[in-house]
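Scroll down for the structure; my scribbles are underneath it.
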Amino acid sequence: MNRERRLAQAFVVLADTYAAEFDPLHLFHRLVHTCQDLLDVDEAGVMIADARGSLKTMATTDEDEVFAELLRLQNGHGPCVDCYRTVEPVSVPDMATEYEHWPKLATAMLEAGYESLQVVPMRLHDRPLGALTLLRRRPGHLAEDDVHLAQALADSAALALMHWSIEPADVEDVITRVQGVIAAKATLEIAKGMVAQYAEATIGEAARLLSAYASRQQVRLTETAHALVTRNVTPAAIVDAQS
């Protein structure tokens, strides 16, 4: 499938919120993996603001702890926060020049092998929801066409949240829904930890086990996580389902 067809398919998938099995966490998952697939980037992550304006990670293309830490280091300051506050894209073409500006982030990024990043806002009618971060293992600006495409994909995902119900929604309704998604993500992180501890696996491996179980059972990932945390499903059931 050529890039144009993949791009068209990506927008259709991001807009498909009326399916009975629609899960908003999957929407963010689709967004970051679409960016990784279609843009000149190595990894991607989405952060959404909670009620206090603190950015929370919703989805990443890399589930390992090292990558998650790169996003957490930006909570309070960093290019993601700048993008969220200004509702404008932020480009960092050479992280090696940013030690004075963001010492912890620059050190962590370069140690992890990432040399540049691009951030575009997640927004709804100019109302900021969060930020989409795109990381690259080489220096340089992301091509302008890719920046515009990343913004279009982020905007499409934000609009999907508005239409994620048969009930009419305004911007404030979406903000409320997003807070519910943040809570669901927190539950998912607890579930990942439970599976990781039981299976003596990494968080990334635990995430894959949970996703595979939810897919096999044909239930939402958020439902699987909630069932695990409330002890209606055991970690053993998640792990044993792969054998």
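Computed from the coordinates by the stated procedures, all read-outs in this text should not be read as laboratory data. Computed from a prediction, not measured in an experiment: that's the story for all the values here. All Cβ positions, glycine included, derive from the backbone under ideal geometry; neighbour counts span all protein chains shown.
A compact table of results
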{"item": "Kirkwood Rh in Å, taken over all unlike Cα pairs in the stretch 50-101", "result": "12.3 Å"}
{"item": "ARG137/SER211 FRET efficiency (R0 30 Å; Cβ-Cβ; nearest 0.05)", "result": "0.75"}
{"item": "Average Cα contact separation per residue, the chain, under 8 Å, 6 or more apart, as relative contact order %", "result": "20 percent"}
{"item": "Cβ-based net charge around GLN151, under 12 Å, with every Lys or Arg adding one and every Asp or Glu removing one", "result": "-4"}
{"item": "Charge tally in the Cβ shell below 12 Å around HIS101, where Lys, Arg are +1 and Asp, Glu are -1, HIS101 excluded", "result": "-3"}
{"item": "Compactness of the chain as Cα Rg over 2.2 N^0.38 Å, two decimals", "result": "1.00"}
{"item": "Kirkwood hydrodynamic radius over Cα pairs of the stretch 182-240, then Stokes diffusion coefficient at 10 °C and 1.306 mPa s, in µm²/s", "result": "147 µm²/s"}
{"item": "Protection proxy ranking, peptides 177-186, 143-152, average beta carbon neighbours within 10 Å, highest first", "result": "177-186, 143-152"}
{"item": "Peptide ranges 229-239, 29-39, 68-78 listed from the most packed, as the mean C-beta count within 10 angstrom indicates", "result": "29-39, 68-78, 229-239"}
{"item": "Hull volume in cubic angstrom per residue (convex hull over the Cα atoms of the stretch 18-121)", "result": "118 Å³"}
